[in-house]
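The block underneath contains the structure these notes are about, expressed in structure tokens.
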6 protein chains.
Amino acid sequence: MRPSGRAPDEMRAIEIQTGFTKHAEGSCLISFGDTKVLVTASVEERVPPFLRGKGEGWVTAEYSMLPRATHTRGSREAAKGKQTGRTQEIQRLIGRSLRAVTDMKKLGERQITLDCDVIQADGGTRTAAISGAWVALRLAVNTLMAKGLITSDPLTAKVAAVSCGICEGTPVLDLDYVEDSAADADANFVLIEGGLIAEAQATAEGAPYDEENLLRLLRLARIGCDRIFAAQDAAVK
Amino acid sequence: MRPSGRAPDEMRAIEIQTGFTKHAEGSCLISFGDTKVLVTASVEERVPPFLRGKGEGWVTAEYSMLPRATHTRGSREAAKGKQTGRTQEIQRLIGRSLRAVTDMKKLGERQITLDCDVIQADGGTRTAAISGAWVALRLAVNTLMAKGLITSDPLTAKVAAVSCGICEGTPVLDLDYVEDSAADADANFVLIEGGLIAEAQATAEGAPYDEENLLRLLRLARIGCDRIFAAQDAAVK
Amino acid sequence: MRPSGRAPDEMRAIEIQTGFTKHAEGSCLISFGDTKVLVTASVEERVPPFLRGKGEGWVTAEYSMLPRATHTRGSREAAKGKQTGRTQEIQRLIGRSLRAVTDMKKLGERQITLDCDVIQADGGTRTAAISGAWVALRLAVNTLMAKGLITSDPLTAKVAAVSCGICEGTPVLDLDYVEDSAADADANFVLIEGGLIAEAQATAEGAPYDEENLLRLLRLARIGCDRIFAAQDAAVK
Amino acid sequence: MRPSGRAPDEMRAIEIQTGFTKHAEGSCLISFGDTKVLVTASVEERVPPFLRGKGEGWVTAEYSMLPRATHTRGSREAAKGKQTGRTQEIQRLIGRSLRAVTDMKKLGERQITLDCDVIQADGGTRTAAISGAWVALRLAVNTLMAKGLITSDPLTAKVAAVSCGICEGTPVLDLDYVEDSAADADANFVLIEGGLIAEAQATAEGAPYDEENLLRLLRLARIGCDRIFAAQDAAVK
Amino acid sequence: MRPSGRAPDEMRAIEIQTGFTKHAEGSCLISFGDTKVLVTASVEERVPPFLRGKGEGWVTAEYSMLPRATHTRGSREAAKGKQTGRTQEIQRLIGRSLRAVTDMKKLGERQITLDCDVIQADGGTRTAAISGAWVALRLAVNTLMAKGLITSDPLTAKVAAVSCGICEGTPVLDLDYVEDSAADADANFVLIEGGLIAEAQATAEGAPYDEENLLRLLRLARIGCDRIFAAQDAAVK
Amino acid sequence: MRPSGRAPDEMRAIEIQTGFTKHAEGSCLISFGDTKVLVTASVEERVPPFLRGKGEGWVTAEYSMLPRATHTRGSREAAKGKQTGRTQEIQRLIGRSLRAVTDMKKLGERQITLDCDVIQADGGTRTAAISGAWVALRLAVNTLMAKGLITSDPLTAKVAAVSCGICEGTPVLDLDYVEDSAADADANFVLIEGGLIAEAQATAEGAPYDEENLLRLLRLARIGCDRIFAAQDAAVK
């Protein structure tokens, strides 16, 4: 029995509230249970130096946790003057995941930045961030297309992410904080609608795991991502 | 006529949603019209070095704007590795304002940090932050008193803040971004319920102003703060 | 009776020694009693990026305290690798104050930087800095006009600043360190010759203050600034 | 045909030269073909703050690339004043991998730091670093045991890592720089001798991949790690 | 003929004004011609970690140039967030030079920091700083002895420094900025009264130099330092 | 008798292994006994801003010590986020030394960066770095000449460096760590083949030294540099 009473293959409630802020070209507040992440997509008519003049766009991401998103207050990265390794690792993962479903030629020479700010954390903040970032990106691209700035849709598919783990020997889906802290293995899968994999990361926190369990975790991730794809569809309609 | 159609002494709608996050000892999302600030109060059983062993507490604040809280995306301070002068000036003001209504002996040797994160900006973010911070602080102190950790209420009064300014020659209350950008003078008042002043700051952005106008701005601030005090009362009940 | 034996509306001795350094286009060492600030004005034939090509100039300021300007040695900001919030707040105030009396069109596309370095501190360093900065700026502008680089005087008026405060219930002018440490309220006024106000900041450090006292502090500031205007006049002649 | 002429399941030559530096408690220069990483293991009789007094040890890692380890010179992180996200991500991975085979109770309250400095890069630097770090750690632990500071071996197994990828549709083992730059998917596996998995990371750089290919990559990794385990055995004998 | 009209072995005018600031335990403003350095000596009853509990003291130095000490304004190190290599090299040299004449046992477990801030630069700022630092240190030690905190004089001798160089083939003493910019070789000597050498540094900026010229530069330095020793004596009497 | 058993004027074994890394235009691993420094020369077809468009090149250097190059592990500068004063002082010295033998006009508008990374430290790392840097620079220039990018050799002479010191009253050549830690005076000489001096630095660590000893140290340096010149010749042939 999981601490939350959920079945092993049961996701937490997914909520996606679009248009959470009025300035961004696309935005949403996404919740996986008590994990809440605000994502904004900002379009800028410029690209990083290595892409200038190539006629291609760029999609990138930044991630941050508000200091009191967690049980005890963490120090503010802006006050410390540097981002932790964890923050940098997560924002690199988010950016890669969204680029996996974006045709940069069709986007044209502009950059979309996905700012993922965790308002409240209860496990799975990076996967909620990726899943919400797709929604914000979709909305921003819709805005660009509505304005005629882009004529052919650069988004090739939906992308979603979910965490899984092995808790007391059992593979389970969408870990909350209590499970995450005690899991033997902790995995994050980024899946493309249709079933292909953009990213798989599975880490033994306690005991190492075998091939069979890696596959079980992947199967749970498919169940979870199907739920998220449905919620994304509902949100952007 | 103001761009928003408001009368010169008319505040924007004030909303205070308490308990916005589940981890903080006190929290609220405060809105002055389209300006939205999330404030959390975090209690820690330790004080800064200069207060250790003195039996007194401390109240401090940190302030940040999410990168896309504004019309165009600003760079993330954590990514740049330093806080701007504006950020530091604002967080010092917030901390001072709350300390003005806190009896540090009664608080006991603990620190309460008020994190003010601007979700959406439309003028007056620092004054909304101060006004919301009082609510979060009140709730956090209530929690401490309910637990019996504090026996005598350390909060001596309510504190609220509002901006005023001189726009096209007319003193007006609670400037939104459009007015703020064009104002000749820009003032922020931090008032204690009952009428005393904790902080007055009035800056000529365009033309300098005279004593008469300083007083008119202060009178507008009294009108605005009375509205905020009422909203604070309603929120913490 | 004030610790220094001064009357409530009595300034400390003001001294302004111009030409303190030979390289700067304008410079002075200004003293308010034992507070001594070296100000240099440096002209550069370039403007910040946001002004390029607009035909307008810019006036900005930097402020620093030498490590042993104070009773006990403070750490050097260059060694710590960052400026404190207090430093940033003060240098923003100085820049704003001088810009309030400068016509940027007449200055032309060049920047004048006012470096204010506190040699010895005894209260009121920021107000001495502003008052001295006007002298250095005046001298630098004179240099530009003498060279024919500017044909119409961009300085529209004199500007001066002074601190006031409420000490043991009495409003007093130009606080020294002893008074400043114990004041209930602490104010800084930046006044334009003729009586208009560029900036008013009044902070309750101990007890909050009322409107009547705010006005009394402003009246003291007028007395102090008139003294400073006279000293500025004498210095630049 | 691979650019190097290797078969899809063929590793590059593995060389491990132990005792490369005289000061470290354990060290080696490990080569996977032209990729060369110097690893030193440094024992310190202290642990990070969160472990003090718990009777447990810690194993951590730092990673860096010499500026000219690569085709074109990269900037030195010490000169820029910050480590890139890539560096931080890699050093977190190395530390986690080594902790997966260390019994911290048996290590006792001491820390071993594995410094992995890439002398020459040709793809697979992080996996060479992990594989070499095990050798340096093994040698350092041997030193501690020889001195009687540790009585029971804290290393529970060998650990090794190798990269795999999908190049022009074919899963291949141990990518060099040319293959790495053009791969559709890029994976790193950290395996424990005996077959369990400590870490699996597979990223789609170009096209996303399917479950079948994930398994093929894992099987290649097993072949590669068996080769590395043999080289580690030979090196520490 | 030197640009300044001085003879090759002629120093600029040396002035040492003691007690330039009221807070420091020792201070002076030292001038070598137009080069002016303010030096303060600050006594703190603590030592760096590596000396704690050893009953020995420490003497250290910090150096900085005010932004407009030079012909054109340099950027402020505190604003840039780091000290240049030149600054660090100079402050290490100053500290070493003063430690060469201090008996750390007699100083007792306290630290004296010599802050050397260049008010105006015209060549030779580091040598003026060292020479003035000895005066400030002497005065601070006198204060400690007068208070009975130190019973036996820890200063073993006077120390002074001067620059020399080879300009258009001729060895000359005490270079000003014009000579310094064009010198073929540039040397700094730190001498102990009596003739011993604490530090010799001679750098070929243009053409390399021979042993004969190294000796000539040293002889000029002796002439200069004798002048400085006399000025130091006069200043501290 | 020296701790190593060497005669006072005896160098440690010098080894120079060229082509240590395959990417750099020039590289070597230089050893002075147990001191080992890897030097790479990187050619870039750009110059620093102050040289742009002048038709001249630039030679610069960076220096770093691997964390465990020393007896006990030092912290990694990239992790701390800043280079020490010692590092900056050394890399400035290396750059100056190499520029002393380079004709920048003949080099043309390109920059060569010499990265000196200390693999193992046993005294004299900066002098080994300079001596090895010449070899790497020579090889890089040879590459440029072989490609026809440079037609006239910009290297005007060989340059080498060696440390000397006064140990227990005796001047000795090429100090190892044990001698260096206990030396009364510590000197580094950078000599040009033929006998001229590019740089002389002699510091009293314990007792100050006299002119006679300065000359003795210089004579030892000549003996050492002649040995190094021969090794450089052998290496680049």
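The values are calculated or read from the model by the stated rules, or taken from the named source; none is laboratory data. The shown structure was predicted, so the numbers you read here are calculated from the model rather than taken from an experiment. Using ideal geometry, Cβ is built from the backbone for each residue, glycine included, and neighbour counts are taken over all protein chains shown. These area figures cover heavy atoms from the full protein model, side chains too; ligands, DNA and RNA do not enter into them. Shrake-Rupley method; radii C 1.70, N 1.55, O 1.52, S 1.80 Å.
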Longest principal axis of chain D (C-alpha) makes with the long axis of helix D:211-236 (C-alpha) an angle, in degrees to the nearest 10, of 50 degrees
Counting only protein heavy atoms and rolling a 1.4 Å probe, how much accessible area do C and B lose on contact, total for both sides, in Å² to 100?
-> 2600 Å²
Residue C:44 to residue D:142: FRET efficiency via 1/(1 + (r/R0)^6), r the Cβ-Cβ distance, R0 45 Å, to the nearest 0.05?
-> 0.10
For the Cα atoms of chain E, what angle does the longest principal axis make with the long axis of helix E:85-99, in degrees from 0 to 90, nearest 10?
-> 60 degrees
Length-normalised contact order for the range F:115-237 - Cα pairs under 8 Å, 6+ apart - percent | 25 percent
At 7 Å along the Cα-to-beta-carbon direction for both residue D:4 and residue C:168, put a label point, then send me their distance in nm to one decimal.
-> 8.4 nm
Expected output for the range B:59-107, residues with a loss of 50 Å² or more in accessible area relative to the chain alone at probe 1.4 Å, reads B:62, B:66, B:68, B:73, B:76, B:78, B:79, B:83, B:88, B:89, B:92
Determine the residues within the range C:200-237 where the difference in accessible area between the chain on its own and the full set of protein chains amounts to at least 40 Å²; count protein heavy atoms only and use a 1.4 Å probe.
-> C:200, C:203, C:208, C:209, C:211, C:214, C:215
Non-local residues with an amide H under 5 Å from the amide H of residue C:21, with H modelled 1.01 Å from N and Pro and chain starts lacking one, are none
The protein assembly as shown: Rg/Rh from Cα coordinates, Kirkwood Rh?
-> 0.97
Taking GluC sites (Glu not before Pro) in a DSSP loop with at most 12 other Cβ atoms within 10 angstrom as exposed, one finds the longest site-free stretch of chain D at D:46-167
In deg cm²/dmol, rounded to 500, what helix-only [θ] at 222 nm does the protein assembly as shown give when every DSSP H run of at least 4 residues adds -39500 (n - 2.57) and the total is split over its residues?
-> -10500 deg cm²/dmol
DSSP-loop trypsin sites (Lys or Arg not before Pro) across the range E:110-214, with at most 13 other Cβ within 10 angstrom = E:147
Between beta-carbons, use under 10 Å as the cut-off and find the net charge around residue D:130, counting Lys and Arg +1, Asp and Glu -1.
-> +1
Once you list every other residue whose beta carbon is under 12 Å from the beta carbon of residue A:231, what net charge do they have if Lys and Arg are +1 and Asp and Glu are -1?
-> +1
Provide the per residue accessible area, probe 1.4 Å, for chain C, rounded to a whole number of square angstrom.
-> 36 Å²
Stokes-Einstein at 10 °C, 1.306 mPa s, Kirkwood radius from Cα pairs: D for the range B:148-229 in µm² s⁻¹?
-> 118 µm²/s
Which value in nm describes the separation of the simple spin-label points at residue B:86 and residue E:51, placed 7 Å from the Cα toward the beta carbon?
-> 4.5 nm
Pull up the DSSP beta bridges for the protein assembly as shown and report the antiparallel fraction as a percent, rounded to 5.
-> 85 percent
Over its Cα atoms, what ratio of radius of gyration to 2.2 N^0.38 Å does the range E:14-236 give?
-> 1.01
Unsatisfied cross-links (Cα-Cα over 24 Å) in the set B:82/C:22; F:158/F:237; C:147/E:80; E:36/E:237; A:36/B:36 | B:82/C:22; C:147/E:80
Quick one: work out the % antiparallel among DSSP beta bridges in chain A, nearest 5.
-> 85 percent
Residue by residue through the range E:115-128, the couplings from Karplus 6.51 cos²θ - 1.76 cosθ + 1.60 with θ = phi - 60°, in Hz, x for Gly and Pro, are 8, 10, 10, 7, 7, 8, 10, 8, x, x, 5, 6, 6, 5
Got a number for carbon plus sulfur as a percent of the protein assembly as shown's accessible area, 1.4 Å probe?
-> 49 percent
Relative contact order (percent, whole number), the range B:39-154, Cα cutoff 8 Å, 6+ residue spacing | 42 percent
Distance in nm between label sites at residue E:234 and residue C:149, each 7 Å beyond Cα in the beta-carbon direction?
-> 3.9 nm
When Cβ neighbours within 10 Å are restricted to other protein chains, what is their mean count per residue of peptide A:41-53?
-> 1
Expressed as a rounded percentage, what relative contact order does the range E:14-236 have, with Cα pairs under 8 Å and six or more residues apart?
-> 22 percent
